[in-house]
Amino acid sequence: MFPHERSLVARLKDQPFALIGINSDGKLEELKPVLEKEQITWRSFWNGPEGTAGPISTAWGVTGWPTIYVLDPKGTIRYIGVRGEAMDEAVDTLLAELKVSK
Amino acid sequence: MRKRTWLIACLLAASAVARSGGGDVDKIKEEIRAARADKELMSDAKAISGKAKRWVETLWDAAGSAKEAEERWNALILAQEASGLGADKELAKWRGKIRTKILSEYADDAKKMGSLMGVTSDEETRNAIFAATKNGSVKAACLYSELSPLFAAARKGDLSSEDRKKLEETLARIQKDFGNEVDTRNRKWGDVAAGRLRAMNDLLVGKVAPEIEGKDLDGTPFKLSDYRGKVVVLDFWGNW
């Protein structure tokens with residue numbers, strides 16, 4: 001999962017695009033070396049020490065990981081649960097929409 | 001001198017018996033795991049019921065002679081699990097007997113009741129726990145556990161309108177009656193129920209995503225709305 005996200009972020013680095021994580025690892029100190037090793041450069045909210053029972057995932061009713069939402073520039077949910085190629089396609093479609101509307 | 005040697009031998013033998021109690025439980029735990037994975041055995045009702053009865057009897061005795069509280073609990077919960085492996089009358093009797101025992105001792109212990117619902121999630125068990133416990137968090141967990149199949153159907157997109165109504169009403173009841181109770185993972189039941197209702201009704205294609213305010217992994221505060229104007233992939237992830 002990290003390699004795909006890494007390549008998506010790299011490919012779209014000059015585009016109006018952001019990958020925002022909500023990280024549900026309860027122990028930050030154990031996560032830090034992973035960020036470096038996997039070159040996870042994108043920004044994440046931290047879900048807190050309760051891990052998968054943290055406040056953000058609870059407020060969003062998340063019960064499975066990963067859970068993906070794709071939002072357009074207005075913040076509207078446009079796709080849910082897209083992974084791999086489907087995620088790329090969703091993002092590309094929304095970026096193309098944005099170009100047309102400008 | 002001879003008396004003393006005899007005494008020591010007796011003590012050693014007694015402690016070996018006590019140890020073998022815990023050892024039996026571990027051994028049966030492994031056997032149950034193996035049996036569950038054995039499709040042929042599981043489809044042979046007579047064979048699995050026979051094994052289950054022997055396990056249940058051994059575990060019941062192990063619970064009775066356990067020296068430590070945790071050892072006793074482990075034997076009882078495993079006995080409850082084993083009693084559900086077969087469908088014959090004798091096992092059904094055991095199932096009721098073990099459940100009554102468990103509820104008479106542990107009904108207000110939220111973690112233990114969570115384990116109990118994990119091994120027997122049938123309606124009868126849930127109702128029995130609900131009736132026996134004085135702990136609001138356990139009551140909320142009973143109601144919530146009833147919803148698992150409905151959540152699964154909702155995920156697949158084939159939730160009937162009747163089931164949707166039940167799902168929403170039960171979550172609303174959890175919010176109203178047990179909203180301030182805290183679950184075994186430190187969340188308010190009200191927040192858990194609200195999140196599930198929100199995911200069902202508001203986190204849908206075409207709806208505006210709710211704000212997220214929090215801190216990043218370096219501790220810097222930020223908001224989801226800081227990224228308006230950009231296409232955003234929101235990724236609930238973890239390193240596991």
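The values are calculated or read from the model by the stated rules, or taken from the named source; none is laboratory data. The structure presented is a predicted model; accordingly, all values stated were derived computationally and were not measured. Methodologically, a virtual Cβ is constructed for each residue, glycine included, from the backbone with ideal geometry; neighbour enumeration extends over all protein chains shown.
When you scan segment B:78-91, how many residues do you find that are hydrophobic (A, V, I, L, M, F, W, C) and surrounded by fewer than 17 Cβ atoms within 10 Å (Cβ to Cβ)?
Residues of segment B:78-91 hydrophobic (A, V, I, L, M, F, W, C): B:78-79, B:82, B:85, B:87, B:91.
Checking the rest, the ones that are also surrounded by fewer than 17 Cβ atoms within 10 Å (Cβ to Cβ) come to B:87.
The total comes to 1.
Does residue A:32 count as at pLDDT 95 or above and of a type in the set (Lys, Arg)? Even if it seems obvious, please write down each step before you answer.
Values: at pLDDT 95 or above: no; of a type in the set (Lys, Arg): yes.
When the stated conditions are applied, residue A:32 does not pass them.
Residues being over 23 Å from the mean Cα position of the chain (by Cα) and closer than 29 Å to residue B:150 by Cα are represented in segment B:172-181 by at least one member.
Consider segment B:92-140 and keep the residues that are touching a residue at least 40 places away in the same chain (Cβ under 8 Å) and among the aliphatic types (A, V, I, L, M). The one that is surrounded by the fewest Cβ atoms within 10 Å (Cβ to Cβ) is B:119.
So how many residues does segment B:210-240 have that are assigned to a loop (DSSP other than H, G, I, E, B), at the interface with chain A (Cβ under 7 Å from one of its Cβ atoms) and within 30 Å of residue A:30 (Cα to Cα)? Show your work before the answer.
The first filter runs over segment B:210-240 and keeps only residues assigned to a loop (DSSP other than H, G, I, E, B), leaving B:210-212, B:217-220, B:228-230, B:238-240.
If we keep only those that are at the interface with chain A (Cβ under 7 Å from one of its Cβ atoms) too, we end up with B:212, B:217, B:228-230, B:238-239.
Right, trim to within 30 Å of residue A:30 (Cα to Cα) and you get B:212, B:217, B:238-239.
Summing the residues that are assigned to a loop (DSSP other than H, G, I, E, B), at the interface with chain A (Cβ under 7 Å from one of its Cβ atoms) and within 30 Å of residue A:30 (Cα to Cα) in segment B:210-240 gives 4.
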